[in-house]
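Colleague: Structure incoming, see below.
The values are calculated or read from the model by the stated rules, or taken from the named source; none is laboratory data. Here the structure is a predicted model, which means the values were calculated and not measured. Here Cβ is always computed from backbone atoms with ideal geometry, including for glycine, and neighbour counts include all displayed protein chains. Note: accessible area is taken over every heavy atom of the protein model, side chains too, but ligands, DNA and RNA are not part of it. Shrake-Rupley method; radii C 1.70, N 1.55, O 1.52, S 1.80 Å.
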Amino acid sequence: MDNANFLQDLFGMQGQVAVVIGGAGALGLCLSTGLGKNGAKIVVADVNEEACKTAVAKLEAEGIEAIYKTVNVTDKASLCELREAALALTGQVDMLVNCAGINVGNNFLDVDGDQWDKIMSVNLKGTMLSCQVFIEAMLANKDGGSILNIGSVNSARPLSRVFAYAASKAGVVNLTRNIAQEFGTRGIRCNAICPGFFPAEQNRKLLDAKRVENIMNGTPMRRYGDPNELVGAAILLLSKKAGSYITGSPVYVDGGFTASWF
Ligand SMILES: NC(=O)c1ccc[n+]([C@@H]2O[C@H](COP(=O)([O-])OP(=O)(O)OC[C@H]3O[C@@H](n4cnc5c(N)ncnc54)[C@H](O)[C@@H]3O)[C@@H](O)[C@H]2O)c1
């Protein structure tokens, strides 16, 4: 291999297939675009069909091969349908990105049990079910598969007023490590990206002036992240060659938020 192809050989995803669940959301679409520009075919999977259609149109406009299938990540049968559709259309799923997530802010004494269950169900149970369903398919691949779960800075340090969300994201990192442990010798790697603050639909409503001040004071880089700043970490963790010895790792992409202690 000549030097010009060194990075392509190390990180390239030409001909591989990535299923991105929550792929129509802000971070999911950005990650889909990054993986797609790096050569992967993208299956956008999301509960919101209109947003799926828009996402596929945006990916295609970037020259990326993409299809969509609606899915409810809390429902195993729906995930199995997604897997079968993805396999029928693409032949093999190499990569899975679990990007579906929801959040609500409350004082602790106002936390409602049903709301708690809903957040846990999408963020934690959904991640577990989707890993289970797609690992079954990846075990049949001759070159295994790679999973990227999405944690949060809450995986390490719980933020105020997001009790279920913080617990769910701590769970996502614990689950990621446990899956890495179980499948370490069977060709499946499982890692997580833990983003800091990337204001989008889901979290913008939680960002009142006091919270923004606290976030900026707690972030050594003193700014929000741009979703494109997640792409490099995702490619590293998902790539068959560059990421080949990385499993069970949560990578914090947070401008230093979880590194700072004041
Ligand atoms: N934006 C941030 O600053 C930030 C920071 C840390 C972690 N995260 C995490 O990143 C992930 C993506 O967040 P985002 O900011 O892009 O939010 P988003 O709301 O834009 O995207 C989330 C997507 O998940 C989909 N979804 C919700 N419930 C679903 C279900 N039951 N089944 C399938 N899809 C479902 C939504 O339709 C949406 O498209 C989430 O897990 C979130 O917790 C985001």
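Colleague: Looking at I135, I119, can you tell me which residue is open to solvent by less than 20 Å² (accessible area, probe 1.4 Å) and more than 20 Å from T247 (Cα to Cα)?
Modeller: I119
Colleague: I'm trying to understand the selection: among the residues of region 222-250, which are in a loop (DSSP other than H, G, I, E, B) and within 14 Å of the ligand (Cβ to nearest atom)?
Modeller: R223, Y224, G225, D226
Colleague: What is the one condition in (1) more than 22 Å from S239 (Cα to Cα); (2) assigned to a helix (DSSP H, G or I); (3) within 14 Å of the chain's Cα centre (by Cα) that A164 does not satisfy?
Modeller: Just one mismatch for A164, condition (3).
Colleague: Do we find a residue being modelled with pLDDT of 95 or more and open to solvent by 60 Å² or more (accessible area, probe 1.4 Å) anywhere in region 29-38?
Modeller: Yes - at least one qualifying residue is present in region 29-38.
Colleague: Any residue in region 122-149 that's under 12 Å from L175 (Cβ atoms): show its pairings with residues that are small (G, A, S) at Cβ separation under 6 Å, as long as the two are six or more apart or on different chains.
Modeller: N123/G101; N123/S168; L124/S168; L124/G171; G126/A100; N149/A192
Colleague: Considering G28, G15, which residue is without any contact (Cβ under 8 Å) to a residue 60 or more places away in the chain and under 23 Å from V133 (Cβ atoms)?
Modeller: G15
Colleague: Let me ask something else. Could you say whether any residue in region 70-86 is within 12 Å of A137 (Cα to Cα), more than 16 Å from the ligand (Cβ to nearest atom) and either surrounded by fewer than 18 Cβ atoms within 10 Å (Cβ to Cβ) or of a type outside the set (D, E) (or both)?
Modeller: yes
Colleague: Right, something else. Report the residue count in region 160-171 for those that are open to solvent by less than 50 Å² (accessible area, probe 1.4 Å) and either touching a Phe, Trp or Tyr at 6+ places or on another chain (Cβ under 6 Å) or over 16 Å from V253 (Cα atoms) (or both).
Modeller: Result for region 160-171: 7.
Colleague: Still on this structure, please answer the following. Please list, ordered by first then second residue, the pairs with beta carbon atoms under 6 Å, 6 or more apart or interchain, first in region 64-77 and closer than 22 Å to G34 by Cα, second open to solvent by 70 Å² or more (accessible area, probe 1.4 Å) and within 11 Å of the ligand (Cβ to nearest atom).
Modeller: Here the result reads T70/E49, each pair linking region 64-77 to a residue that is open to solvent by 70 Å² or more (accessible area, probe 1.4 Å) and within 11 Å of the ligand (Cβ to nearest atom).
Colleague: Report whether or not G105 is in contact (Cβ under 8 Å) with a residue 40 or more places away in the chain and open to solvent by less than 10 Å² (accessible area, probe 1.4 Å).
Modeller: No; evaluated as a whole, the condition is false for this residue.
Colleague: Out of the residues in region 88-125 meeting the condition of being of a type in the set (A, V, I, L, M) and more than 20 Å from the chain's Cα centre (by Cα), tell me which one is farthest from the ligand (Cβ to nearest atom).
Modeller: Selected residue: L109.
Colleague: Continuing with the same structure: Need the failing condition index for A18 against (1) more than 12 Å from the ligand (Cβ to nearest atom); (2) open to solvent by 10 Å² or more (accessible area, probe 1.4 Å); (3) small (G, A, S), just the number.
Modeller: Here A18 meets the rest and fails (2).
Colleague: Does L175 satisfy the condition of being of a type outside the set (F, W, Y), at pLDDT 95 or above and open to solvent by less than 30 Å² (accessible area, probe 1.4 Å)?
Modeller: No; evaluated as a whole, the condition is false for this residue.
Colleague: Give region 187-221 a look and list any residue that's surrounded by 12 or more Cβ atoms within 10 Å (Cβ to Cβ), more than 13 Å from the ligand (Cβ to nearest atom) and charged (D, E, K, R), or say none.
Modeller: The one that is surrounded by 12 or more Cβ atoms within 10 Å (Cβ to Cβ), more than 13 Å from the ligand (Cβ to nearest atom) and charged (D, E, K, R): R189.
Colleague: Something else about it: Within the set of pairs 6 or more residues apart or between chains, which connect a residue that is farther than 17 Å from C190 by Cβ inside region 78-97 to a residue that is open to solvent by 10 Å² or more (accessible area, probe 1.4 Å) and in a helix (DSSP H, G or I) with Cβ atoms less than 7 Å apart?
Modeller: L87/A137
Colleague: So which residues in region 103-126 are of a type outside the set (G, A, S), more than 18 Å from I150 (Cβ to Cβ) and assigned to a helix (DSSP H, G or I)?
Modeller: F108, L109, D110, D114, Q115, W116, D117
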